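Comments concern the structure below.
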Amino acid sequence: MSNLVIGGVSLAKLSELEIRFLLQKAESLGIIEIDTAPSYGSSQEKIGRVGLSKSWKINSKVLSPSSRDANRHTVRNSVENSLRELRIDQLNTVFVHSVRESEYKKEIHEELLLMKTEGKILNIGYSGDGRDLEEITSSFSFDALQAIVTGKQIGRAHV
């Protein structure tokens, strides 16, 4: 895993030429992991059109804090759309994005596990903040965690 991961949220604002330059420069520095999501506008499509070397690890996300009535089909469709847009066969990590435990059904986790056995995803992760992160990880097992930290939380941290 890279020590640094490129956040793809701002890539939708860049041209494909700018993205290509940025990612080539990052790769030359040993940064070979990128985090994107369907909710990041055209980020995934642009990354797919730019094309990355096989050494890149690409992460995406499913669901969101506003996800209601999510089910195994919406999660599978989201992963398959990400693979298609990114023009790859496997995602490094699919992060469940800031979903409360009450909205994260067992069938959704089982579908992600099935896609893992199918080789569509390598890891299942959870991305969220303190309370949601603690609650959902006590009920489900994840390969990776992505904690959301705000400046306010950093200001209160004891070093």
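Odds and ends about this structure:
- Tail beyond 17 Å, pair distance distribution of region 55-98 (Cα, percent): 30 percent
- Accessible area of the chain belonging to carbon and sulfur atoms, whole % at 1.4 Å probe: 52 percent
- Both radii come from the Cα set of the chain: Rg as radius of gyration, Rh as Kirkwood radius; their ratio Rg/Rh reads 0.97.
- Low-density loop positions, trypsin sites (Lys or Arg not before Pro), region 44-121 - DSSP coil, at most 12 other Cβ in 10 Å: 54, 68
- Over 16 Å [Cα-Cα, region 68-136], rounded percent: 46 percent
- Once backbone amide H atoms are built at 1.01 Å from N, residue 121 has 91, 116 as its partners under 5 Å, excluding neighbours fewer than 5 places away on the same chain.
- Normalised per residue, the accessible area of region 1-104 is 53 Å², obtained with a 1.4 Å probe and no contribution from ligands, DNA or RNA.
- Normalised by the number of residues in the chain, the average gap of Cα pairs under 8 Å and 6 or more apart makes the relative contact order 18 percent.
- Evaluated at q = 0.17, 0.19, 0.23, 0.27 Å⁻¹: base-10 log I(q)/I(0), Debye formula over Cα of region 1-53: -0.45, -0.57, -0.84, -1.12
- Computed Rg/Rh of region 23-84, alpha carbon atoms with Kirkwood Rh: 1.04
- Proximal lysines relative to residue 106, as straight alpha-carbon distance under 28 Å, when same-chain residues fewer than 8 apart are discounted: 57, 61, 116, 120
- Nearest-0.05 FRET efficiency for residue 24 and residue 89, computed from C-beta distance (R0 22 Å): 0.50
- Computed with a 1.4 Å probe over protein heavy atoms only, the accessible surface of region 107-146 comes to 49 Å² per residue.
The values are calculated or read from the model by the stated rules, or taken from the named source; none is laboratory data. As the structure is a prediction and not an experimental result, all values here were calculated from the model. Reconstructed Cβ throughout: ideal geometry from the backbone, glycine too, with neighbour counts over all protein chains shown. Surface accessibility is based on the protein's heavy atoms, side chains included, excluding ligands, DNA and RNA. Shrake-Rupley method; radii C 1.70, N 1.55, O 1.52, S 1.80 Å.
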